[in-house]
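Written below as structure tokens is the structure these notes are about.
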Amino acid sequence: MYDVASSKAEEFISHDEIMDTLAYAEANKHNRELLDSILAKAATYKGLNHREAAVLLVCDLPEYKEKLFNLAIEIKRKIYGDRVVLFAPLYLSNYCINGCVYCPYHSKNRHIKRKKLTQDQIRQEVMALEAMGHKRIVIESGEDPLNNPLDYILDSIKTIYSIKNKHGEIRRVNVNIAACEVEDYKKLHEAGIGTYTLFQETYNKKNYESLHPTGPKSNYAYHTEAMDRAMQGGIDDVGIGVLYGLEHYKYDFVGLLMHAEHLEAKFGVGPHTISVPRICPADDIEVGDFSNAVPDDIFEKIVALIRVSTPYTGMIMSTRESQRMRERGLALGISQISGASRTSVGGYAKEELPEDNSAQFDRSDCRTLDEIVEWILDLGYVPSFCTACYRAGRTGDRFMPLAKSGEISNCCQPNALMTLNEYLLDYASDKTRKTGEAVIKEQLEEIKNQKVKQMAHEYIQQMEHGERDFRF
């Protein structure tokens with residue numbers, strides 16, 4: 001039985017509903033009247049439900065793909081402007097007791113070197129991240145109650161927030177750790193985390209269970225219902241995603257949108273972010289072992305469809321993807337990307353030797369943060385290190401009304417420019433600084449609210465005298 005507001009995983013992610021949706025989509029993929037009406041609805045910026053989006057996904061008429069892409073580009077520009085938020089992952093530990101067959105951290109892997117950062121080592125990692133210019137990170141850890149208990153995660157968060165290195169500081173710590181109990185989520189919320197992220201990997205229960213043969217993560221319902229418990233624990237910014245390539249993309253695409261619809265129906269606010277990772281090579285893992293790899297053209301369509309279906313949800317693309325794919329993603333809907341990422345434990349303070357490999361996956365985009373910033377500027381976007389909404393309490397159901405009304409742009413644009421200016425003053429190369437200063441000057445003049453424009457000008461002038469951390 002399908003019930004979007006149910007608390008049970010197999011009811012709000014119903015296998016029968018997904019299969020019925022895919023059958024409906026296949027039967028209507030050339031129904032031009034229906035296709036036109038779906039695109040017309042998407043053009044109102046009110047999103048699409050999983051059935052409507054599925055019809056566009058399976059449609060193979062070239063002109064409708066073009067219309068979809070043009071609409072995705074329009075929606076991205078209208079809602080997010082030219083801003084691109086930057087962050088980096090920080091891997092704390094790769095000890096894990098799960099048996100996930102697609103992840104090199106799986107408990108049976110005897111090749112990978114197991115590592116866990118001490119609090120002193122975390123300080124070194126954070127100082128290295130701050131020295132690059134990062135202000136927002138997501139901490140990652142394997143699931144191991146003995147080596148990585150929640151108290152270790154909480155202590156690590158406290159350590160990260162405490163480190164101030166010259167003008168450097170981490171202002172937002174997002175968390176990507178295993179599913180927890182409500183009381184644990186309350187503790188994470190009290191620790192001041194930003195977004196809690198947990199990928200479903202796949203929504204197909206049968207396939208999920210075969211991919212997770214051992215360990216706590218093998219419990220499909222407990223894992224799938226994690227976001228409900230996080231919301232109940234007070235975390236109203238949550239991030240979802242699937243690992244494309246584990247299951248046929250059509251199934252997981254529908255399941256993903258159903259999950260977003262469930263959170264909206266039950267809690268009044270959908271996911272804060274949706275991530276779109278694709279499986280890629282890693283120690284003990286070969287992409288060829290998985291038969292559902294998603295080609296680039298389909299992947300682009302998935303990105304565009306998520307954007308038009310969930311227009312006010314942030315979309316994340318990591319360094320799993322190449323520079324070319326990330327450029328396409330930014331045009332079609334991606335609003336956040338990682339930069340200068342290390343996917344190994346302790347990879348920022350010290351370059352890891354091949355024989356000490358502790359990485360979760362191979363990176364396709366290995367550029368420095370300054371190279372990423374310069375590239376974003378050259379593409380016509382504004383790199384943003386902003387964390388203001390979280391720190392001002394504009395999260396969950398307090399954020400969405402501002403986003404949907406367009407009022408959030410009065411904060412986002414100047415905040416992006418001011419955090420970019422911080423980066424230019426403190427970390428940028430001469431070339432990047434010159435390009436960035438020209439962009440800031442141009443973008444400041446485009447701020448429509450005259451009071452906000454004047455204040456932004458004043459704040460940026462004060463930065464020249466050493467002041468930092470201005471925000472609207």
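Bear in mind that the values in this text are calculations on the coordinates, not laboratory data. All figures in this text were calculated on a predicted structure; none of them were measured in a lab. In this analysis, Cβ positions are derived from the backbone assuming ideal geometry, glycine residues included, and neighbour counts consider all displayed protein chains.
Quick look at the values:
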| quantity | calculated |
| --- | --- |
| Cα convex hull of region 402-472 - mean projected area over all directions, nm² | 4.7 nm² |
| Bridge type composition, the chain - antiparallel percent by DSSP, nearest 5 | 10 percent |
| All Cα pairs of region 306-345, percent lying beyond 11 Å | 64 percent |
| Residue-wise HN-Hα coupling along region 236-250, computed from phi with Karplus coefficients 6.51, -1.76, 1.60 (Hz; x: Gly, Pro) | 9, 10, 10, x, 10, x, 10, 9, 5, x, 7, 10, 4, 4, 5 |
| For region 39-115 and region 408-425, distance of Cα centres in Å | 25 Å |
| Contact order normalised by residue count of region 358-472, Cα under 8 Å, 6+ apart, percent | 31 percent |
| Distance histogram in 5 Å bins (all Cα pairs of region 9-76, percent per bin) | 3, 17, 26, 23, 15, 10, 5, 0 |
| Segment GLU327-ASP378, length gained on full extension (0.36 nm per residue, minus Cα span) | 17.2 nm |
| J(HN,Hα) series, region 411-425, from Karplus relation 6.51 cos²θ - 1.76 cosθ + 1.60, nearest Hz, glycine and proline x | 9, 5, 5, x, 5, 4, 5, 5, 6, 5, 4, 4, 4, 4, 6 |
| DSSP-loop GluC sites (Glu not before Pro) across region 356-447, with at most 13 other Cβ within 10 angstrom | GLU407, GLU445, GLU446 |
| Sparse-neighbour loop sites [trypsin sites (Lys or Arg not before Pro); region 402-472; at most 10 other C-beta within 10 Å; DSSP] | LYS448 |
| Theoretical gain in end-to-end length, GLU26 to VAL58 [0.36 nm per residue, Cα-Cα removed] | 10.9 nm |
| Tail fraction, Cα-Cα pairs, region 91-148, threshold 19 Å, whole percent | 38 percent |
| Shape parameters for region 1-118, alpha-carbon atoms, Rg then Dmax in Å | 21.0, 60 |
| Phi-based couplings in Hz for region 189-198 (Karplus 6.51, -1.76, 1.60; Gly and Pro marked x) | 4, 5, 6, x, 6, x, 9, 9, 10, 8 |
